[in-house]
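Undergrad: So that we are looking at the same thing, I have put the structure below in structure tokens.
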């Protein structure tokens, strides 16, 4: 993996310094090649016109190349990284597609290769031979320039995604508006889970067990508060729950490995915090009952339009806490034949029943979406890699094992194909979505009615 210390090592700085006049001299024509490429590209023209290129982007790209292709000292690292991150934030704010930056990387490297190596070789003659030493030096310089461009672009892309996530949060206030009535009852379930958790914990503490961090962090109610609650539109009840949850977490951190013998007030304080949490959850539930319903009207699953905000939040959380998440994509097998044979009314019955069964094996933190037509998507936060196949099989069996009743005396055997992909630290959450889709495609291609977990060789 490329890093600052490698790109701007003492040896590489010397190479850059030696060739600065040459590098800085050819940067304008290199950038011009990039923008010629953009203006000739149909997709790129949707985002960039010639006026924008001349007025802003052309100059900014020249400045960027001039800045990254000069020597940098170790003490310049913080300022250098901040400059690259600022470029990424700007690109996100103006909604410049990352595909254009990827195109820039390719065009820049190609242009430098032609200028540094290919053109001199083509122009070399017996009167002006190109020595082996010159070829080696130019090759080393080209490799270094390529590495610096890739490194700078990677920092920009990372900042772009961070800014994009923040923009989504600001635009939507993470107001997923998850069907308010259903969410209100979901919160009642969370409240009940917190109470049951406390009773079980008190029993263990009375039996002499020590307080363990996993007792809280793996609890369903705490996972829901961590993953789902921040996605609700900000309001005083939501903020109170988050505050109490943090207090509970800090209390656990301060009293790990303690028993009631070590701290007689342990149960009393835990009971106080859970009571406060229960009251705040009840208040939030009552408040949400007043809001509008925004779920898919047929299946009662979340609308796809809310998916981007959910994925952005899960992606941000996984990066921040060094955790993971998975995407499970499923498709009803031969659904077109159902519609063609029995009509769309029966198709709707099948969709509603599949959606209902799909949710049965899910945890309280998992979110199911109607992705489109007969496709469904489940976001699995804080996933256990070993459990992915199990949950995929549970969902598949929930559909396949019991026929769907479409009338008083008629049933249909329905199966689904399932593709699962796990977040692999790629900076773009759409990459994980693409992997889940590829896994689903393989499941269908392999004969349907099966679960495929994405492996690197599928795409």
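The values are calculated or read from the model by the stated rules, or taken from the named source; none is laboratory data. What you are looking at is a predicted structure, and each value in this text was computed from that prediction instead of being measured. In this analysis, Cβ positions are derived from the backbone assuming ideal geometry, glycine residues included, and neighbour counts consider all displayed protein chains.
Undergrad: From 409, 449, grab the single residue that is surrounded by fewer than 16 Cβ atoms within 10 Å (Cβ to Cβ) and over 30 Å from residue 92 (Cα atoms).
TA: Values: 449 fails: surrounded by fewer than 16 Cβ atoms within 10 Å (Cβ to Cβ).
Just one listed residue meets the conditions, 409.
Undergrad: Given (1) under 28 Å from residue 377 (Cα atoms); (2) not assigned by TED's automatic domain parsing to the domain that holds residue 369, identify the lone condition not met by residue 309.
TA: Here residue 309 clears every test but (2).
Undergrad: Could you figure out which of (1) out of contact with any helix residue (DSSP H, G or I) (no Cβ under 7 Å at 6 or more places or on another chain); (2) at pLDDT below 90; (3) in the same structural domain as residue 189 (by TED's automatic domain parsing) isn't true of residue 230?
TA: (1)
Undergrad: Now for a separate question. Looking only at segment 243-268, which residues are out of contact with any helix residue (DSSP H, G or I) (no Cβ under 8 Å at 6 or more places or on another chain) and either surrounded by 11 or more Cβ atoms within 10 Å (Cβ to Cβ) or part of a helix (DSSP H, G or I) (or both)? First the steps, then the outcome.
TA: Residues of segment 243-268 that are out of contact with any helix residue (DSSP H, G or I) (no Cβ under 8 Å at 6 or more places or on another chain), as a first pass: 243, 246, 250, 254, 257, 261-265, 268.
Within segment 243-268, 243, 246, 250, 254, 262, 263, 268 qualify.
Undergrad: If you don't mind, another one. Can you tell me which residues in segment 416-443 are more than 27 Å from residue 162 (Cα to Cα) and surrounded by fewer than 21 Cβ atoms within 10 Å (Cβ to Cβ)?
TA: Across segment 416-443, the qualifying residues are 441, 442.
Undergrad: Let me confirm something: among 111, 79, 92, which residue is in the same structural domain as residue 157 (by TED's automatic domain parsing), part of a helix (DSSP H, G or I), in contact (Cβ under 8 Å) with a residue 12 or more places away in the chain and more than 21 Å from residue 19 (Cα to Cα)?
TA: Answer to the selection: 92.
Undergrad: From 398, 436, which residue is part of a helix (DSSP H, G or I) and closer than 20 Å to residue 348 by Cβ? Walk me through how you get there before you give the answer.
TA: Working: 436 fails: closer than 20 Å to residue 348 by Cβ.
Just one listed residue meets the conditions, 398.
Undergrad: Specify the residue that is farthest from residue 325 (Cα to Cα); the eligible residues are those in segment 408-433 that are in a strand (DSSP E or B) and without any contact (Cβ under 8 Å) to a residue 12 or more places away in the chain. Break it down stepwise before answering.
TA: Step one: of segment 408-433, the residues in a strand (DSSP E or B) are 410-412, 416-422.
After this cut, where a residue has to be without any contact (Cβ under 8 Å) to a residue 12 or more places away in the chain as well, the list is 410-411.
Values: 410: 40, 411: 36 Å.
Per the criteria, the residue is 410.
Undergrad: Does residue 380 count as assigned to a loop (DSSP other than H, G, I, E, B) and under 28 Å from the mean Cα position of the chain (by Cα)? Give the steps one after another, and end with the answer.
TA: Details: assigned to a loop (DSSP other than H, G, I, E, B): no; under 28 Å from the mean Cα position of the chain (by Cα): yes.
Answer is no for this residue.
Undergrad: Same structure, new question: Name the residue, out of 239, 271, 235, that is in the same structural domain as residue 194 (by TED's automatic domain parsing), surrounded by fewer than 16 Cβ atoms within 10 Å (Cβ to Cβ), touching a residue at least 40 places away in the same chain (Cβ under 8 Å) and within 18 Å of residue 183 (Cβ to Cβ).
TA: On the way: 239 fails: touching a residue at least 40 places away in the same chain (Cβ under 8 Å); 271 fails: within 18 Å of residue 183 (Cβ to Cβ).
The unique qualifying residue is 235.
Undergrad: Mind checking whether some residue in segment 283-290 is modelled with pLDDT of 85 or more, assigned by TED's automatic domain parsing to the domain that holds residue 191 and over 21 Å from residue 238 (Cβ atoms)? Walk me through how you get there before you give the answer.
TA: The initial filter retains those residues of segment 283-290 that are modelled with pLDDT of 85 or more, namely 283-284.
Still in the list and also assigned by TED's automatic domain parsing to the domain that holds residue 191: 283-284.
After this cut, where a residue has to be over 21 Å from residue 238 (Cβ atoms) as well, the list is none.
No, segment 283-290 contains no residue that is modelled with pLDDT of 85 or more, assigned by TED's automatic domain parsing to the domain that holds residue 191 and over 21 Å from residue 238 (Cβ atoms).
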